[in-house]
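Contents: one structure, followed by commentary.
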Amino acid sequence: MNIPSSIWTLLIGIALTLVSLWYGQNNHLLPTAATDEAVLVDGLFNAMMTVSVGIFLLVEGILIYCAFKYRRRPGDNSDGPPVFGNVPLEALWTLIPAIIVIGISVYSFDVYNEMGGFNPHDVHEPPVAQKPMKMPGSAIAATLSDTPPSTAPNLNQQKSEEARLDPATASVRNDDQIPQQRNAPGVGVVAPTIGSSPDKQGKPPGLAVNVTAMQFAWIFTYPDTGVVSSELHVPVGREVMVNMTANDVIHAFWVPEFRLKQDAIPGMQSEIRFTPRIMGTYPLICAELCGPYHGAMNTKVIVETPEAYNQWIQEQQVASIEELNQAVAVKPADLSPTEFLAPYTSNLGIQPEILKQIHTNHH
Amino acid sequence: MTQAQLQETANQPALIEEPGVRNWRDYFTFNTDHKVIGIQYLVTTFVFYCIGGVLADLVRTELKTPEVDFVSREVYNSLFTLHGTIMIFLWVVPAGVGFGNYLIPLMIGARDMAFPRLNALAFWIIPPAGLLLIASLLVDAPDAGWTSYPPLSLTTGQIGQSAWIFCLLLLGTSSILGALNFMVTILKMRTPGMTVHQMPLFCWSMFATSALVLLTTPVLAGVLILLAFDLLAGTMFFNPTGGGNPVVYQHMFWFYSHPAVYIMILPFFGAISDIISVHSRKPLFGYKAVAYSSLAISFLGTIVWAHHMFTSGTPGWLRMFFMITTMIISVPTGIKIFSWLATLWGGKLRLNSALLFAMSFVGMFVIGGITGVMVAAVPFDIHVHDTYFIVAHIHYVLFGGSVLGIYAAIYHWFPKMTGRMLNEFWGKVHCALTFVGLNLTFMPMHALGMMGMNRRISEYDPKFESLNFLCTMGSYLLAVSTFPFIINAIWSWMYGPKAGNNPWDALTLEWMTTSPPAIENFDELPVLATGPYDYGMSNRNTEVDVPLADEREPVLAAGPSSVLRAEPDPNVAANPEDRK
């Protein structure tokens with residue numbers, strides 16, 4: 001049977017299109033899309049994957065076909081036909097890829113806009129208005145820092161203050177190593193990043209969380225509550241704004257299920273906004289090389305119901321108030337060594353009596 | 001007479017009968033012969049490739065299991081830092097320079113490069129720079145990645161980081177000297193009958209590469225000097241503690257290091273164009289389109305750098321600008337790929353090792369090109385930036401592209417360089433092992449990155465173990481695949497069958513001299529009696545069947561009257577119709 005080559009071309013073209021469309025939608029290469037933004041990114045990826053599979057199969061198919069069909073037959077030492085090129089064909093395979101990439105660009109542009117990449121507030125204003133801190137015991141934290149907080153308007157400092165003033169981080173931070181504590185007027189940079197999506201523009205986010213990255217940990221502070229945590233808890237369905245900076249080197253905040261990544265850069269503030277839509281526990285990964293333990297700098301994001309979230313906040317507040325009250329009660333000069341040590345030794349299961357015994361035995 | 005015989009007959013006066021066989025000691029001296037320098041480059045860089053490969057296999061051995069159980073975390077960071085630096089700056093970039101040195105004067109009919117002593121100097125900078133870097137591994141290895149972003153690079157070992165900076169400054173200097181030499185040689189030293197539109201495509205691509213090197217390498221030198229000041233003199237250019245801005249480093253670094261990808265791939269785009277045409281026994285499809293697409297890639301390559309920084313807090317408009325320029329660069333690249341496919345189509349393919357490597361190059365590079373368009377799209381890049389998806393992408397470009405291109409070029413030009421043929425059977429074994437190994441190593445990395453495995457980590461989530469195991473096995477296969485090549489190359493260099501002057505019946509001028517070429521290449525000026533790609537022209541009136549073509553109009557023609565053809569010198573053309 002002799003089927004004309006144009007029919008073959010048509011059939012192969014249809015098969016190629018169907019395979020590309022099927023694989024573009026059914027590749028299952030990306031993890032759960034846990035935010036509204038992730039759904040948009042996945043749509044873009046699947047579209048690109050469709051086009052890519054088509055181009056891939058076309059090129060590999062032609063290579064394999066040529067290798068069999070046009071291989072030199074034994075004894076044939078003649079040359080192939082003198083085809084030097086053809087301007088219309090060159091134009092065709094310049095224009096078609098150009099149209100494809102312009103299409104992908106426009107689609108990407110649209111997705112980026114939907115994600116909030118063009119939030120105009122980012123560039124001109126600080127992303128968050130300064131909010132007064134309502135936190136018991138913050139005075140004592142101020143006395144812990146060797147450099148008093150600057151009163152000069154420095155955007156870095158304004159924004160890092162909320163995280164820094166927290167006593168819960170005192171044990172892990174070294175104030176003299178925090179770049180924001182140096183007054184560096186030249187670096188008052190707010191890095192414009194992923195802001196609010198167009199429909200939420202101008203409205204405050206449902207929830208703001210400050211993130212401080214350091215070698216090799218993440219610290220999350222919830223500004224209005226005083227809660228400090230090493231895990232990120234967010235309620236489902238509310239827009240979350242994450243404000244981040246780093247204390248030492250560049251880190252990057254990445255949640256694969258959110259499809260969002262943002263570098264946390266020392267001396268700069270960056271923000272991203274997202275709206276979680278599926279509850280669950282997801283990995284939060286540092287994606288920028290930050291030293292030997294870079295691979296271990298992971299924590300969790302927990303997307304939970306608003307009730308569970310509120311309960312978690314309350315538990316954290318109770319725990320934090322207890323710690324602070326203990327801290328406020330401690331005035332080392334007025335206390336005997338036993339009294340001073342009591343809060344610590346009780347944690348270790350050591351009774352004051354035993355300490356006294358040690359004391360007397362020593363004499 | 002075949003086309004090759006016509007070209008050889010016309011160049012009989014230029015041919016020096018005595019092959020230029022060199023004493024092995026010459027290769028260890030400050031020799032100014034471009035062919036000696038070319039071999040020096042290729043052998044030295046291949047040694048560095050083997051060292052970089054061992055480092056890669058050590059990295060993969062660590063990653064075979066999710067735990068840190070093979071080397072310490074600090075050593076692991078040094079391993080991938082040195083692997084990246086060696087493979088880029090001591091293997092692929094100088095290997096392109098090596099082929100350029102060996103081939104360009106021969107291809108354009110010159111007796112040597114424009115500045116022979118500068119050329120030797122450019123080479124002799126490389127061994128000490130490489131030794132400096134490798135020696136740092138024994139003292140205090142750099143471990144901030146091959147990108148060495150501050151502030152991390154300012155807080156790790158000072159000695160190792162300084163060694164890394166000075167190594168790169170030396171290599172950058174060598175690169176600039178080489179590029180200057182190529183530019184002048186290509187512009188001023190061509191045989192009088194050869195206009196730029198008659199140069200082999202390898203010369204076009206080396207010209208585009210050299211332009212990029214001259215424009216961007218000084219910026220790398222600048223940023224490295226600033227980084228050295230921050231590291232050693234306590235300045236604060238990039239250190240936020242003193243008001244510096246680490247993102248400025250990234251801009252300056254990528255202003256060089258993205259074009260560096262084109263510096264690494266463009267020479268082999270050119271080499272592949274030559275190889276595919278010769279072994280398909282067909283003219284290269286769309287010579288002028290392919291030639292100018294190199295220049296387009298070179299130009300566009302300088303305005304795409306910030307796509308490495310989509311998550312660094314760059315403004316929205318800047319992200320969009322760099323997304324669009326990056327996507328557009330796939331258009332000239334697409335012209336090349338489709339032109340190569342059109343060259344293969346309807347040819348009489350001699351499926352030897354050189355062509356098999358060249359066809360693998362096209363098939364693998366296209367994967368890197370496709371993922372390149374994907375990561376150009378900002379929203380998707382924000383997800384996969386700094387993950388194994390990127391690792392897979394760069395390895396399909398630099399291994400599936402550049403390294404396969406280097407091997408194709410070695411198999412193609414080895415007979416010219418040594419006067420002896422490589423063993424075909426072991427060449428094909430090498431090609432097959434490399435092809436399987438590279439796909440086994442790098443294909444699973446795409447999935448790993450999208451699922452959530454970040455790069456530059458020594459420990460990972462146990463759910464990624466099976467795919468990582470595949471990658472590691474693939475990397476061992478790649479290590480094994482180099483042995484047939486090394487043994488084949490050494491054995492053939494000493495005992496292989498004699499090649500003759502033109503074993504492939506090629507038309508470009510390097511085949512018009514002896515193998516290995518005589519000391520000063522040509523006795524008299526060589527001529528282009530046929531165009532460099534005039535295969536299949538024994539009868540000018542052969543009918544060609546190309547869609548959309550019309551032979552009466554040069555703009556629409558597909559045959560010898562096409563405007564895209566590289567024509568012979570009209571004064572000496574073998575075919576009367578090409579004379580004017």
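In this calculation the C-beta distance from residue B:75 to residue A:18 is compared with R0 = 45 Å, giving a FRET efficiency of 0.35.
Return the distance in nm (one decimal) between the two label points of a simple spin-label model at residue B:131 and residue A:225, each offset 7 Å from Cα along Cα→Cβ. The modelled label-to-label distance comes out at 6.3 nm.
If we sort B:52-65, B:143-156 on the protection proxy, mean other Cβ atoms within 10 Å, highest first, what's the order?
In decreasing order of mean packing, B:52-65, B:143-156 become B:143-156, B:52-65.
Remark: for residue pairs B:35/B:498; B:188/B:580; A:69/B:282; B:35/B:336; A:300/B:64; A:69/B:416, the C-alpha separation exceeds 27 Å in B:35/B:336; A:69/B:416. The string of couplings for region B:361-377 from the Karplus curve (6.51, -1.76, 1.60, θ = phi - 60°) is 4, 4, x, 7, 4, 5, 5, x, x, 5, 5, x, 5, 4, 6, 6, 5 Hz, one whole number per residue in order, with x for Gly and Pro.
Taking every residue in B:152-163 and counting other chain Cβ atoms within 10 Å of its Cβ, the average works out to 2. Is chain B rounded, prolate or oblate when judged by the Cα gyration tensor, a ≥ b ≥ c being the square roots of its eigenvalues, rounded requiring a/c under 1.5 and prolate requiring a/b larger than b/c? Judged from the Cα gyration tensor, chain B comes out prolate (a/c at least 1.5, a/b above b/c).
Under 11 Å from a label point set 7 Å out along the Cα-to-Cβ vector of residue B:16, the amide N atoms of region B:80-119 belong to B:111-112. Here the simple spin-label model places points 7 Å from the Cα toward Cβ, and for residue A:95 and residue A:279 these points are separated by 5.5 nm. Close amide H pairs (under 5 Å, H built 1.01 Å from N) link residue A:284 with A:299, A:300, A:301, residues at least 5 positions away or on another chain.
Sorting B:318-330, B:400-412 by average packing, meaning the other beta carbons within 10 Å per residue, from highest down gives B:400-412, B:318-330.
Partner chain Cβ atoms within 10 Å, averaged over the residues of B:187-199 - can you pull that number for me? Each step should come with its number before you reach the end.
Details: counts 0, 0, 0, 0, 0, 0, 0, 0, 0, 0, 0, 0, 0.
The mean count of partner-chain Cβ atoms within 10 Å per residue comes to 0.
Rounded, prolate or oblate: pick one for region B:448-510, where a ≥ b ≥ c are the square roots of the eigenvalues of its C-alpha gyration tensor, a/c under 1.5 means rounded, and failing that, prolate if a/b is larger than b/c, else oblate. Taking the square roots of the gyration eigenvalues as a ≥ b ≥ c, region B:448-510 is prolate. Packing, as the average of other Cβ atoms within 10 Å across residues, places the peptides B:106-114, B:26-34 in the order B:106-114, B:26-34, highest first. FRET efficiency for the residue B:5 to residue B:295 pair, using the beta carbon distance and R₀ = 30 Å, is estimated at 0.35.
According to the square roots a ≥ b ≥ c of the eigenvalues of the Cα gyration tensor, what is the shape class of the protein assembly as shown, taking rounded for a/c under 1.5, prolate for a/b larger than b/c otherwise, and oblate for the remainder? It is prolate, given that a/c is not under 1.5 and a/b is the larger ratio. With n ≥ 4 as the cut-off for DSSP H runs, can you work out [θ] at 222 nm for the protein assembly as shown, using -39500 (n - 2.57) per run divided by the number of residues, rounded to the nearest 500? Helices in the protein assembly as shown give a 222 nm mean residue ellipticity of -18000 deg cm²/dmol.
Per residue of B:438-444, what is the mean number of Cβ atoms on other protein chains within 10 angstrom of that residue's Cβ? The partial results should precede the final answer.
Numbers: counts 0, 0, 0, 0, 0, 0, 0.
Other-chain Cβ atoms within 10 Å of each residue's Cβ, averaged: 0.
Could you name the aspartates and glutamates whose alpha carbon sits less than 18 Å from that of residue A:261, not counting residues in the same chain fewer than 8 places away? Once the sequence-local aspartates and glutamates are set aside, what remains near residue A:261 is A:36, A:37, A:42, A:114, A:122, A:231, A:239, A:271, A:288, B:381, B:386.
Have a look at the DSSP beta bridges in the protein assembly as shown and tell me what percent are antiparallel, nearest 5. Counting only bridges with both partners in the protein assembly as shown, antiparallel ones make up about 65 percent.
Coordinate-derived values only; no laboratory data. Note that the structure is a prediction, hence the values are computed from the model and not measured. Cβ sites come from the backbone with ideal geometry, for glycine too, and all protein chains shown count toward neighbours.
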